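All of the numbers you see were taken from the coordinates with simple rules; none came from a lab. All figures in this text were calculated on a predicted structure; none of them were measured in a lab. All Cβ positions, glycine included, derive from the backbone under ideal geometry; neighbour counts span all protein chains shown.
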Amino acid sequence: MVKRILVVEDEDAIRGFILINLQKNGYTALDADCGEKALEIYKEKGEGIDIVLLDVMMPGIDGFETCRRIREISPDVGIIMLTAKAQEADKVIGLSSGADDYVTKPFSPSELMARIDALYRRISLSKRKKNTPYAYKSGDFILNIKKRNLIKGEKEIDLTGTEYQIMEYLISHGGSPVSRKAIGERVWGEGYLNEEKIVDVNIRRLRMKLEENPSLPQYIQTVWGRGYLWTEKAEELMKDEDNA
């Protein structure tokens, strides 16, 4: 996943120093030397930007106003303010303008990256929660992510934890085949050693529970050379979790 950050700093040396450290730590960086340019970039490419690193003291539109305008465009982007001032009032103004965090100059690369990484993790988690459906509906089946159960018609299908994870992966890719390796890595993690037999055994168990005739599966089909296919595309149900 691309981690994209917009650096807004009018001092070339500091901006260059920040960009080098961001690139070393796996971030793709855009940069601007003033608030006006930052707003132009954000209006054009804001959907792909995760964090804005924003200097307070700049010619023209200062960092506080730039922060307010960016926050009006996007309530979800992460914003960290940079300033040479350590006064409490500046911190309050920055946070009141919509910033998520505040770093005082001079700062070390490790301190800055720690704050950026922490904010990126919070934003990523928040996005995943917002973009994750509470359930998938596929034909007669409903897979409830919150309750971690599978309903067929009005009957709950008794699944093990492993079977549930495989079902979630299959249904979320409904209509497209997924390989045994992909299933294995999703369910058993990156340490999965491509033991295809363990995937096949669990697929057979699922067929026994879901299919009217497991030897002629209707829902989980084998696509030779490609893996397994949940035959019907699923509808994502994005209802509020509290009402799920």
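Some points to look at:
- Under the simplified labelling scheme, the residue 204-residue 74 pair shows an inter-label distance of 5.0 nm, with each label point 7 Å from Cα along Cα→Cβ.
- Viscosity 1.306 mPa s, temperature 10 °C, Stokes-Einstein D of segment 135-243 from Kirkwood C-alpha radius, µm²/s: 112
- Given the alternatives [x] 1.08; [y] 1.14; [z] 0.97, Rg/Rh (Cα atoms, Kirkwood Rh) as computed for this entry is given by [y].
- Around the Cα centre of segment 139-193, unit charges on the Cβ atoms of Lys, Arg, Asp and Glu (plus for the first two, minus for the last two) sum to a dipole of about 80 debye.
- Projecting the Cα atoms of 6, 94, 118 onto the dipole axis of the chain, where Lys and Arg carry +1 and Asp and Glu carry -1 at the beta carbon, places 118 farthest toward the positive end.
- As a proxy for reagent exposure, ranking 230, 224, 188 by other Cβ atoms within 10 Å from fewest up yields 224, 188, 230.
- In the structure shown, the pairs 43/91; 3/137; 3/91; 3/37; 45/91; 181/233 are assessed against 23 Å; a Cα-Cα span above that value is assigned to 43/91; 3/137; 3/91; 45/91.
- Rounded to the nearest 10 degrees, the inclination of helix 109-131 to the longest alpha-carbon principal axis of the chain is 40 degrees.
- In terms of its alpha-carbon gyration tensor, segment 1-86 comes out oblate; a/c meets the 1.5 threshold, while b/c is at least as large as a/b.
- Global form of segment 76-123, assessed from the alpha-carbon gyration tensor, a/c cut-off 1.5: oblate
- When the listed pairs 24/105; 127/209; 127/147 are checked against a 28 Å cut-off, the alpha-carbon distance exceeds it for 127/209.
- Here the 3J(HN,Hα) profile of segment 66-81, calculated from phi with Karplus coefficients 6.51, -1.76 and 1.60 at θ = phi - 60°, is 4, 4, 4, 5, 5, 5, 5, 6, 9, x, 9, 5, x, 10, 10, 8 Hz, Gly and Pro shown as x.
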